[in-house]
Amino acid sequence: MKKIFFFLALFFCSSKINACDICGCGIGGNYIGILPDFHKHIIGLRYRLNSLRSHIGTNGSNTYLTTTEKYITTELWGGWNIGKKFRVMLSVPYGFNERNNLGTVKNKDGIGDISTMAYYQLVNKRSTTFRNNLMIQSLWIGGGIKLPTGKYSPEDKANTSQNTNLFQLGTASTDFNLNAMYDTRLQDGGFNISANYKMNTANKYNYRYGNKLNASAQWYYKFRVKKSVTLAPNLGLMYETAAKDHDNLIPVDMSGGFLIGGTIGLETTFKKISIGANLQRPWDQHLANGSVKANNRVMIHLSFML
C-alpha cells in the first residue's frame, strides 16, 4: 500500500508543467470518467460536449469581442487485454466545432488526432478484511502517442497575442502521454484516481501546445439489480493545469492557466453492455489570463464488452 501511494505522489508532483489548451475544448480535455470493468476486449462510442466564452470583459461580462465556442466530439474507442498484465487502447475522434461572434457563425468538422495507449498492470491484489469483506486493488501505468491526423489551420492561430488557438481539429504535432490509473474497492464501494501527463512537440508551423496535466479522483458504489444489471453512481473532483503555449519559441499570453471542478455521473452495466454519463462543472478557473471561461461539460458513452 505504501508503495502505491508513493508512486502516485511522484506522478502528481512531477516536473514543471509547460502548457496547452486546458479548457477541455476541441483538442483538449481528457477526462473520461470511470472506465467499464472489462476483462478481455471492449469497443465503444463516446460523445463529448464542451463549450467556452473567450474575450470576456471585467467580472465575466460580455463585450463586442466576446465569442462563444462549442466543441462536440464523437469518439470511437477500444481496448484489448493481452494476457493478464497488458492492455492496449485506441481512440479515433471526430470533431464538430462552432464559433459564434455577434451572430457570425463559423463551423468546421473532421477527424481529430488519433491516439493509442499501452498499459501495464503493476498491482492486482485481492484480500479479505477482518470482517470477511473483499478488498480489491489495481494500478495500471502506461504511455502512448497522439498522431497528427486532425486538420490544423494556421490562419486560425493568427494574432495569438489576442486570440486563443483552440479552434482546431488537431494540433499538427506528434505528442506523448503518460498515464496512471489506481482503483481500490471494498465490497461494492470504491475509489478511483487517474492522471494523464501530455508532452507536446512543436508542429511544422512552429506552434507548440505545451504540456498538460489532468487528474481526477472519484468515489463510486455499485448497486446490483437482479443478476445482470449493475448501477454505479459516482462523484468526484477534477483538476487541470498548464502554462503558456509557444509560437516560434515566444510564449503566448492567451493560453495556460488552471481549472478545478466537480464531477457527477452514473455507470450502468447490463450483461456485456455498458452505458454511462457524467457532468463536469467548473468551480474555480483562471484560463488565458482570465479572458476565457469554460462552461459545464458533458460526456456520454456506450460500450460493448466482447
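The values are calculated or read from the model by the stated rules, or taken from the named source; none is laboratory data. Remember, it's a predicted structure, so these values are computed and weren't measured experimentally. Methodologically, a virtual Cβ is constructed for each residue, glycine included, from the backbone with ideal geometry; neighbour enumeration extends over all protein chains shown. Ligands, DNA and RNA are stripped out before the accessible areas are found, and what is left, the full protein with its side chains, is counted by its heavy atoms. Shrake-Rupley method; radii C 1.70, N 1.55, O 1.52, S 1.80 Å.
Note on segment 31-88: among residues that are at pLDDT 90 or above and of a type in the set (D, E, K, R), the one that is farthest from L279 (Cα to Cα) is K85. State yes or no: is M181 more than 19 Å from the chain's Cα centre (by Cα), in contact (Cβ under 8 Å) with a residue 40 or more places away in the chain and either open to solvent by less than 20 Å² (accessible area, probe 1.4 Å) or over 21 Å from G95 (Cβ atoms) (or both)? Here the answer is no, as M181 does not meet what is asked.
Of the numbered criteria (1) in contact with a Cys (Cβ under 6 Å, 6 or more places away or on another chain); (2) under 22 Å from L186 (Cα atoms), the one A242 fails is (2). Of the numbered criteria (1) farther than 21 Å from N192 by Cβ; (2) in a strand (DSSP E or B); (3) not charged (D, E, K, R), the one N165 fails is (2).
Would you mind listing the strands (runs of 3 or more DSSP E) fully within segment 202-306 where at least 1 residues are surrounded by fewer than 22 Cβ atoms within 10 Å (Cβ to Cβ) and free of Cβ contacts under 8 Å to residues at least 40 places away in the same chain? Please lay out each step first, then the result.
Details: elements: 212-221, 223-225, 229-242, 257-270, 273-287, 292-294, 297-305.
Once the strands (runs of 3 or more DSSP E) in segment 202-306 are filtered for at least 1 residues that are surrounded by fewer than 22 Cβ atoms within 10 Å (Cβ to Cβ) and free of Cβ contacts under 8 Å to residues at least 40 places away in the same chain, what remains is 212-221, 223-225, 229-242, 257-270, 273-287.
Might you let me know whether segment 12-30 holds any residue that is assigned to a helix (DSSP H, G or I) and modelled with pLDDT under 90?
In the first step, residues of segment 12-30 are kept if they are assigned to a helix (DSSP H, G or I); the result is 12.
Restricting the remaining residues to those that are modelled with pLDDT under 90 gives 12.
Within segment 12-30, one or more residues are assigned to a helix (DSSP H, G or I) and modelled with pLDDT under 90.
Within segment 151-174, is even one residue modelled with pLDDT of 95 or more, closer than 28 Å to L237 by Cβ and of a type in the set (A, V, I, L, M, F, W, C)? No - not one qualifying residue is present in segment 151-174. Evaluation of Y120 against the conditions (1) touching a Gly at 6+ places or on another chain (Cβ under 8 Å); (2) open to solvent by less than 30 Å² (accessible area, probe 1.4 Å); (3) farther than 30 Å from N248 by Cα shows that the sole unmet condition is (2). Restricting segment 77-112 to residues that are aliphatic (A, V, I, L, M) and part of a strand (DSSP E or B), the residue that is farthest from A172 (Cα to Cα) is I82.
Residues that are open to solvent by less than 80 Å² (accessible area, probe 1.4 Å) and touching a Leu at 6+ places or on another chain (Cβ under 8 Å) within segment 94-116 comprise G95, N97, N101, K108, G110, I111, G112, D113, I114, S115, T116, listed in sequence order.
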